[in-house]
Each structure stands twice: as C-alpha cells, then as structure tokens.
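Asks: Below are the structure tokens for one structure; questions will follow.
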Amino acid sequence: MELRYGWAVNKGVISLMAVGLLMVCTSTLMFVHHPLPTIVKMLFNFSEGSIFFNIWSAPPIDVFLKIYMFNVTNPKEFLSGKEKMNVSEIGPYVYREVLTNQNATFNDTDGTVTYQPHREIIFAPEKSVGDPKVDRVLTTNIALVGIQAYFKDLGFFASLGFSAAARSFGAEPIINITIDEYLWGYNDPLITYAHSILPFWIDFDKFGIFATMISRDNGNTLTMVRDPSKYHSQTESLLTEEERNSEYHLVKWNNLAGLTDWGYQRLPNKSLKKCQLIEGAFDGTILPKNLRANRSLTVFRKAFCRPVTLQFVRDTVGKQGLQQYEYKFDDNMFGVGETNECFCYKNKCVKGFQSIAPCYYGMPITLSQPHYLNADEAILKTVNGMNPNVEQHGSSCIIQPLVGAPLSGNMKIQVNIDVGQTIGNHKTVPFNNMQVPLFWVEITTAEMPTLMIITLHMLCNALPIILEIIKYLLGLGGLAMISGSALYILLKTPVRIPGRISFSNSEYVPFPIISIPSDLLDKCEKRMSLK
C-alpha cells in the first residue's frame, strides 16, 4: 500500500526565486569585477565610424598658440660691446591650431591604426595684443647669426667666405621687421643666396622660423596601437610592461620606431637606447584609459624634434568636480644626464637647453623653457630681461584618469640660437657664446565644451554611484526574493492528499510479517494481569 501526497507549488513563485538567484549572482559578479571599466571601454570604443573615433578625427577642443617675442631694446650698445643684450617681452600674438587626423587605416592583424595628422594655423585677433602684420620687433637676424654660427664648424675659410657674402649683401645682425614676417617668412638676400648655391641644404628661399617649425608637424604618417594584445614590437625589451600594454601609444613615425635624427637605425642593435625611440610615447591628443597614479607620460611632437616627459604631480578634484591627475614637465627635461644622452648634438649638452639642429638643416637652434627656467645660471646672466618664474613659465597638463581625457594643458617652449664661437665676422662677435633668445610659445587648450563636461560628469561621477547602488539593490533584492519565495512555499502552499487509497497489486507494497516468540507473549500477559 502507498499513500501519495505533494505540494501544489505556484509556477510564479519558482520564477520569482530564479530571478532572485540571478540578481544575487549579478551582484556578486559586480563585487568581484567592477563593471565601470567595461562600460567605459564600450562607450570609448575606438573603431571606424564610432563616436569616439569621430571625436578623435576632428577634436572639438580649441588649441591656441600664444607667441611672445623678445625685443632687443639696446641694439647699438650691445653691438658695440658696451652692454649686455637687453630684451623686453612683446605678446601674446595668438593663433588657433585646428587639428584633423586624416586617412585613418585600421590594421586588424597587429591591432594598430595608421593616420596622418594635419594642423592648420589661423590668427586669432581677438586674443592678441596687436596686429603682427603691423607691429614690429628688433630681433636677431637668424639668416646672418644662425648661418655664421653653422659655418664655424666647417672651418676658418668657409666662415670667411660666408662673412664676405654677408658683407656684400649688407646683412645686419639685428633687424627691424614685422612679427608676421619674422614668424611666417620674409625675403632675405642671404637665404636666397644660400638657396641658389646649396639647394640640397637650404631647400627654401623664404625663411620664417615658426613656419618652418610648424611645417614639421604636417606630412607625417603615424602608427599607434589600438589593441596592445595583438602588437609585438622589435624594441619591446627597452619598454616597460606598462608601456607595451598601453592603448594609443605610438609605435612608428613615418614607418620607423625611432628618431633617425638622433641615431636610430632601421634595424635595432645592441647599442640602441630608449631615448632614441618614438615607440611608447603618445601624440598628446589621445591617452590610455584607467591611468595609474604616479605614472609618467612621454609625449612626442615633431616640431620639438624629440619626446618630452610629463611627471605625475598629484591626484586632485578640479573646478569641474572631476577627478584629475596633474602633470608637469620634468625639471631636468633639457638637463644633462642618462635620459638625455641621445640628444647631445655633436657631444655637447648644456643644462637647460636642447639642440634641435638635426631636425632643422643643422642650424644651431635650441629649445629651453621660457626665460631660461631651470637652465644654467651663468647663461641666465648673459641677457638682461630674463625673469624665470615657475608659475608663469612652467608647463602643466590635467588629465581625467578614468577615460584618459586631457582636460586642460599648457606646453611652454622657448626658441634660441646657440651661437658658440663664430669666426671671420666681426658683426657676430657680440653674440659669441650666447644662447640668444628669439621667442617663446605657449601651446594651450581652451575650456572643454559644456556637453563634454556634462558627459564626463555622468560617466565619472554619477555612473559609479549608480552602479554602487544597483550592486547592493541587486544583492539585497535577490536575497529578499529567494527568502520570500522559500517562506511562501513552506507556509502557504497547500498539501495535496489523494482522495482514495488503492490496494491493487500494482500500486502497493505488502508490509512484512514479523513472528513473535510465545514465551515473550506469556511474559507480557502475566505483567498485564499484575496490573
């Protein structure tokens, strides 16, 4: 005989329990693996046609070039040897830089993208102190002083020959010229002469120092890593694991991983140095997500001829209410040491100055921080009017670490002529052994558009709080559903008992018969009778 019974369980309760279990599992997963980096990766997917790609192709943030000229205020006294050079600062003359990244080609086999950046420079009169086509400046004649300094390494007779040509053209070491002409190009008989006899060296007949520098940024083909897991470098032994695994770092510039101007060879060898590499640096417009605090960043721009390092300063909250990492130029950026050993042109390094001659026809042009900041104090004393100040002349960059977005930045660089010891020309003697200041430029970004600020607030501030709330709600809600469903099943579900008992042979199991000994029964009867 068999008695059949069971619970009449509601299917909805089972479904509710399953949903609760799913919620608990999801909450547990969110505790183990935070979903924010995954969401950021999905939103900032760098693929052809994506929103992020379109923003990168034509960045909506304005970049301005603020130029400050050094005007010589005592030309007669200086040239006669009576006084040191006195300079006063004129500026800023501001230009808007419009960047577009063109002809992007995605290489899925090695996880890279190849592109061509193009920069267009437009004058911004509303931000300038005057009209550069009208305002004039007394400044050093690069065509005379610069080329004469170049010829000093070619020997006495070469220097004497150029000096004779300069005298025949009536070239003067200090010229009165409009700022626009000096920056963007003017006709100089010495340049025209040099171009006619040495076209393989001087491949231009109109010289403008800033135009020449900016032109180096255009006409290049860059390759950067989109998926580090697919890319394998031939120079990876010189890079840290973090550098190798960083998104958006450059791996090639014009199909080379290093700087031929500073000794990089197409095939790596044992003598290859890290400072000769472009690989591992960033172009400054796009940076990796989820930046680690205390990590330094290397940025490369062709106009400056070499990579420069940004040092981590601190983790703060900015005026927009966003978490931000502050960076600054390394104080020893143009110093003497192992990190700069590649950049000692002709084995000459001067504290605070970086020769960029290999990138500019061998002309003795140097870079420094404005007003000789962090430079050799002895050189600072050679010019009156140089007043270095960290607040005014230091460079900085602000980055949102979660998405790697540059929030603001200013990069300040000064351009000088390293004259050295000229020979054969008495007009250049007053400049001997000077780092002659020409101008300095501040590359700065405008305020981010309001829509981008709101988007970053939602992503960086609101979304983490929302995800934290969801994480706990899922866990607590799931546990409540599971507990409630279990209690309902135990307390509220009716027990179903069958209406009849079947005794058919097929539906019952006979009880076993147990025999009891007779003496045991007799003992039981006697005990019962005693009662």
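The values are calculated or read from the model by the stated rules, or taken from the named source; none is laboratory data. It should be emphasised that the depicted structure is a prediction, and the values quoted were computed from it without experimental measurement. Neighbour counts run over all protein chains shown; Cβ positions are idealised from the backbone, glycine included. These area figures cover heavy atoms from the full protein model, side chains too; ligands, DNA and RNA do not enter into them. Shrake-Rupley method; radii C 1.70, N 1.55, O 1.52, S 1.80 Å.
Asks: So which residues in region 34-49 are modelled with pLDDT of 85 or more and surrounded by 14 or more Cβ atoms within 10 Å (Cβ to Cβ), if there are any at all?
Replies: Result: F46, single match.
Asks: Looking at region 349-375, I want the residues that are in the same structural domain as H195 (by the TED database) and over 27 Å from I202 (Cα atoms) and have a partner that is surrounded by 22 or more Cβ atoms within 10 Å (Cβ to Cβ) and among the polar types (S, T, N, Q) with Cβ atoms under 6 Å, at least 6 apart or on another chain. Which pairs are those?
Replies: Pairs found: G352/S368; P370/Q414; A375/S368.
Asks: Return the total of residues in region 81-96 being open to solvent by less than 30 Å² (accessible area, probe 1.4 Å) and either at pLDDT 95 or above or outside any strand (DSSP E or B) (or both).
Replies: Summing the residues that are open to solvent by less than 30 Å² (accessible area, probe 1.4 Å) and either at pLDDT 95 or above or outside any strand (DSSP E or B) (or both) in region 81-96 gives 6.
Asks: When you look at L322, is it in contact with a helix residue (DSSP H, G or I) (Cβ under 8 Å, 6 or more places away or on another chain), modelled with pLDDT under 90 and within 19 Å of G284 (Cα to Cα), yes or no?
Replies: No: the conditions fail for L322.
Asks: Further question: With at pLDDT 80 or above, over 30 Å from E83 (Cα atoms) and of a type outside the set (A, V, I, L, M, F, W, C) as the only criterion, which of T422, T428, T444 stands out?
Replies: One residue alone meets the criteria, T444.
Asks: Which count do you get for residues in region 420-442 that are outside any strand (DSSP E or B) and either under 25 Å from G318 (Cβ atoms) or of a type in the set (S, T, N, Q) (or both)?
Replies: 6
Asks: Next up: Which one of F78, F52, F31, F70 is of a type outside the set (V, I, T), modelled with pLDDT of 95 or more and in a helix (DSSP H, G or I)? Outline the logic, then answer.
Replies: Details: F52 fails: modelled with pLDDT of 95 or more; F31 fails: modelled with pLDDT of 95 or more; F70 fails: in a helix (DSSP H, G or I).
When all the criteria are applied, what remains is F78.
Asks: Still on this structure: Within region 381-406, count every residue that is hydrophobic (A, V, I, L, M, F, W, C), open to solvent by 10 Å² or more (accessible area, probe 1.4 Å) and within 11 Å of the chain's Cα centre (by Cα).
Replies: Residues meeting the conditions: 3.
Asks: So, one more: (1) touching a residue at least 24 places away in the same chain (Cβ under 8 Å); (2) open to solvent by 80 Å² or more (accessible area, probe 1.4 Å): which one isn't true of K76, the others all being true?
Replies: It is condition (1) that K76 fails.
Asks: Quick one: K289 ticks every box in (1) over 30 Å from W184 (Cα atoms); (2) among the basic types (K, R); (3) not in a loop (DSSP other than H, G, I, E, B) except a single one, so which number is it?
Replies: Here K289 clears every test but (3).
Asks: Restricting attention to region 339-357, which residues are within 15 Å of R306 (Cα to Cα), open to solvent by 40 Å² or more (accessible area, probe 1.4 Å) and either of a type in the set (G, A, S) or more than 23 Å from the chain's Cα centre (by Cα) (or both)?
Replies: First pass over region 339-357, keeping only residues within 15 Å of R306 (Cα to Cα): 339-345, 349, 352-357.
With open to solvent by 40 Å² or more (accessible area, probe 1.4 Å) added as a condition, the list becomes 339, 341, 345, 349.
Those that are within 15 Å of R306 (Cα to Cα), open to solvent by 40 Å² or more (accessible area, probe 1.4 Å) and either of a type in the set (G, A, S) or more than 23 Å from the chain's Cα centre (by Cα) (or both): E341, Y345, C349.
For (1) touching a strand residue (DSSP E or B) at 6+ places or on another chain (Cβ under 7 Å); (2) under 21 Å from Q435 (Cα atoms); (3) surrounded by fewer than 16 Cβ atoms within 10 Å (Cβ to Cβ), each residue gets a yes or a no:
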| site | (1), (2), (3) |
| --- | --- |
| S163 | no, yes, no |
| I175 | yes, yes, no |
| W184 | no, no, no |
| I202 | no, no, no |
| R216 | no, no, no |
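Asks: Among the strands (runs of 3 or more DSSP E) lying completely within region 363-419, list those that include at least 1 residues that are in contact with a Leu (Cβ under 7 Å, 6 or more places away or on another chain) and modelled with pLDDT under 95.
Replies: Counting at least 1 such residues, we get 396-400, 405-418.
Asks: Additional query: Conditions first: (1) assigned to a helix (DSSP H, G or I); (2) surrounded by fewer than 18 Cβ atoms within 10 Å (Cβ to Cβ); (3) modelled with pLDDT of 90 or more. K328 passes all but one, so which condition is the exception?
Replies: The failed condition is (1).
Asks: Follow-up question, since we're still on this one. Which condition number does T26 fail, the rest of (1) in contact with a Phe, Trp or Tyr (Cβ under 9 Å, 6 or more places away or on another chain); (2) of a type in the set (S, T, Y); (3) in contact (Cβ under 8 Å) with a residue 12 or more places away in the chain being met?
Replies: All conditions are met except number (1).
Asks: Of the residues F70, F52, which is free of Cβ contacts under 8 Å to residues at least 40 places away in the same chain and open to solvent by less than 70 Å² (accessible area, probe 1.4 Å)? Don't jump to the end; show me each part of the working.
Replies: Numbers: F70 fails: free of Cβ contacts under 8 Å to residues at least 40 places away in the same chain.
Residue meeting the stated conditions: F52.
Asks: Now for a separate question. Being surrounded by 18 or more Cβ atoms within 10 Å (Cβ to Cβ) and either hydrophobic (A, V, I, L, M, F, W, C) or closer than 22 Å to D283 by Cβ (or both) is the filter here, so list the residues in region 424-443 that pass it.
Replies: Selection gives F431, M434, V436, L438, F439, W440, V441, E442, I443.
Asks: I need the full set of residues from region 82-131 which are among the hydroxyl-bearing types (S, T, Y) and either within 21 Å of the chain's Cα centre (by Cα) or farther than 23 Å from I214 by Cβ (or both), in order please.
Replies: Within region 82-131, S88, T100, T105, T109, T112, T114, Y115 qualify.
Asks: Mind checking which residues of region 245-266 are touching a residue at least 12 places away in the same chain (Cβ under 8 Å), assigned to a helix (DSSP H, G or I) and surrounded by fewer than 17 Cβ atoms within 10 Å (Cβ to Cβ)?
Replies: First, the residues of region 245-266 that are touching a residue at least 12 places away in the same chain (Cβ under 8 Å): 245-259, 261-264.
Then keep just the ones that are assigned to a helix (DSSP H, G or I); that gives 261-262.
Those that are touching a residue at least 12 places away in the same chain (Cβ under 8 Å), assigned to a helix (DSSP H, G or I) and surrounded by fewer than 17 Cβ atoms within 10 Å (Cβ to Cβ): none in region 245-266.
Asks: Can you work out which of the residues in region 286-308 that are surrounded by fewer than 17 Cβ atoms within 10 Å (Cβ to Cβ) and of a type outside the set (K, R) is nearest to H371 (Cα to Cα)?
Replies: So the first thing to find is which residues in region 286-308 are surrounded by fewer than 17 Cβ atoms within 10 Å (Cβ to Cβ), and the list is 290, 292-294, 296.
Then drop every residue that is not of a type outside the set (K, R), which leaves 290, 293-294, 296.
Details: N290: 36, A293: 31, N294: 28, S296: 25 Å.
That would be S296.
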